[in-house]
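To start, the structure under review is shown below, and the notes come after it.
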Amino acid sequence: MESSSLFVGLMSGTSLDGVDAVLASISSVDSGGASWEVLGFLSRPYEPPEREAIRAAIDGKSAAALARLGVDIAEGHALAVRSLLEMAGVDATEVRAVGFHGQTVSHLPPTPERGGATLQIGDAATLAERLRIDVVHDFRSRDVAAGGHGAPLVAWPDAQLFSHPKRRRVLQNLGGMANVTWLPARVEAEAPLAFDTGPGVALIDRAAFLATRGELNFDDGGRLAAAGIADQAVVARLLELPFFAEEPPRTTGRELFGDALVGELARDLPQGQPEAWVDLIATLVAFTAESIAQAYRRWVIPMGVDEAFLLGGGALNPALVAALGAALPELPLQSSEALGLDPNAREALCFAALAWGYMEGMHTNVHRATGAEGPRRLGSFTPAR
């Protein structure tokens with residue numbers, strides 16, 4: 001194996017659960033797409049002070065606090081990479097580049113009146129200094145500058161890594177937000193489609209945190225949701241939010257589906273009494289599942305689907321998976337393990353692939369998915385030395 005084929009991908013998403021790090025071998029193949037192998041994967045959970053600092057940044061904080069947080073995030077990512085390389089028995093000199101997403105603290109989609117804006121913090125220079133590895137970062141801003149949403153960026157790596165020669169596939173990510181990628185068969189000339197369906201686990205996680213006074217950062221095993229009864233009237237009301245009437249390309253974030261919405265829905269519920277919260281958590285699970293199913297019925301299933309896979313932390317929540325299965329009975333859902341991939345590793349692997357694409361000089365956005373004016377080479381480069 002040549003060292004130039006090794007890449008690290010890093011992802012810390014809107015779920016705020018921590019840093020996912022993947023070490024992968026990636027190279028081009030003559031038939032199109034990429035050949036890949038995951039050589040190591042780990043998740044470094046955020047400590048409670050780290051998580052709360054990020055929440056404070058999302059809610060608005062001083063420039064000095066944001067500057068400090070950017071360095072702290074990079075230091076935490078460097079720890080994850082060093083642990084990953086040690087686990088895999090790989091020296092840093094063997095890694096060609098790190099794909100560093102950073103932590104999203106603000107994402108403002110474009111509107112007819114004004115272009116979008118997006119901010120991922122994490123100091124790439126600190127990461128390059130600590131690791132002595134070239135870093136590719138700031139993937140979203142070029143697509144936004146070209147009129148796009150800057151998301152979902154997984155459409156291009158998904159097509160490179162997971163498209164099938166003859167089958168049309170759907171990859172459903174259940175991170176903090178939920179996004180779908182529809183992949184044509186490789187023999188077809190059509191471009192992939194990807195867009196945000198709405199909330200993933202952000203609302204569910206926040207409700208579980210409040211219900212247990214911080215003892216749980218997520219609904220472990222879906223047990224809280226399973227004990228509750230969903231309020232279908234609330235589900236129907238939430239599905240009337242203007243976001244769900246938007247056509248792709250579309251994106252969303254915690255600005256719409258985050259702590260403020262949970263606080264509004266839970267205004268009269270006592271914190272720290274899970275028994276009073278289980279119906280709300282069940283309602284949020286039903287809402288999340290139905291928002292995904294609604295998007296599939298409008299835009300995904302009509303294009304034809306042969307296989308569908310669930311990825312991200314929400315794929316490990318039995319209550320959410322069961323709700324999705326009930327909402328989409330016509331579409332058998334598989335775990336990403338059928339693709340040979342841990343459900344939590346997919347997005348980090350995609351950012352390893354985006355770093356590979358940058359280093360190879362490729363255009364790595366799909367403007368059908370993001371709405372950008374055309375293909376762009378995404379990312380900025382910070383050398384190791």
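Does GLY221 qualify as being modelled with pLDDT of 95 or more, more than 18 Å from THR251 (Cα to Cα) and outside any strand (DSSP E or B)?
On the way: modelled with pLDDT of 95 or more: yes; more than 18 Å from THR251 (Cα to Cα): yes; outside any strand (DSSP E or B): yes.
So GLY221 passes the test.
Scanning the stretch 55-114 for residues that are farther than 23 Å from ASN217 by Cβ and acidic (Asp, Glu), we see that the one that is surrounded by the fewest Cβ atoms within 10 Å (Cβ to Cβ) is GLU113. Quick check on the stretch 266-274. Is at least one of its residues over 14 Å from ILE204 (Cα atoms) and either in contact with a Ser or Thr (Cβ under 8 Å, 6 or more places away or on another chain) or assigned to a helix (DSSP H, G or I) (or both)? The answer is yes; a qualifying residue exists. Within the option set ARG186, ARG167, ARG142, ARG213, being modelled with pLDDT of 95 or more and part of a loop (DSSP other than H, G, I, E, B) holds for one residue only, ARG167.
Has the stretch 359-368 got any residue that is of a type in the set (Gly, Ala, Ser) and assigned to a helix (DSSP H, G or I)? No, because not a single residue in the stretch 359-368 is of a type in the set (Gly, Ala, Ser) and assigned to a helix (DSSP H, G or I).
Within the stretch 316-336, the set of residues being part of a helix (DSSP H, G or I), touching a strand residue (DSSP E or B) at 6+ places or on another chain (Cβ under 7 Å) and at pLDDT below 95 comprises SER336 only.
Give the residue, chosen from ALA57, ALA21, that is outside any strand (DSSP E or B) and either of a type in the set (Gly, Ala, Ser) or over 22 Å from the mean Cα position of the chain (by Cα) (or both).
Details: ALA21 fails: outside any strand (DSSP E or B).
Within the list ALA57, ALA21, the selection yields ALA57.
Does any residue of the stretch 305-315 turn out to be farther than 16 Å from ASN217 by Cα, open to solvent by 40 Å² or more (accessible area, probe 1.4 Å) and part of a loop (DSSP other than H, G, I, E, B)? Within the stretch 305-315 (the criterion being farther than 16 Å from ASN217 by Cα, open to solvent by 40 Å² or more (accessible area, probe 1.4 Å) and part of a loop (DSSP other than H, G, I, E, B)), the answer is yes, since at least one residue qualifies.
Being at pLDDT below 95 and either among the polar types (S, T, N, Q) or within 22 Å of SER15 (Cα to Cα) (or both) is a description that applies to GLU347. Checking ALA345, ALA322 one by one, the residue that is open to solvent by less than 30 Å² (accessible area, probe 1.4 Å) and among the aliphatic types (A, V, I, L, M) is ALA345 and no other. Filtering PHE257, PHE244, PHE287 for residues that are in contact (Cβ under 8 Å) with a residue 12 or more places away in the chain, aromatic (Phe, Trp, Tyr), in a helix (DSSP H, G or I) and buried (at least 23 other Cβ atoms within 10 Å of the Cβ) leaves a single hit, PHE287.
The values are calculated or read from the model by the stated rules, or taken from the named source; none is laboratory data. Only a predicted model underlies this, so the values are computations on that prediction, with no experimental measurement involved. Every residue, glycine as well, gets a Cβ built from its backbone with ideal geometry; the counts of neighbours run over all protein chains shown. All accessible areas refer to the heavy atoms of the entire protein, side chains included, with ligands and DNA or RNA removed. Shrake-Rupley method; radii C 1.70, N 1.55, O 1.52, S 1.80 Å.
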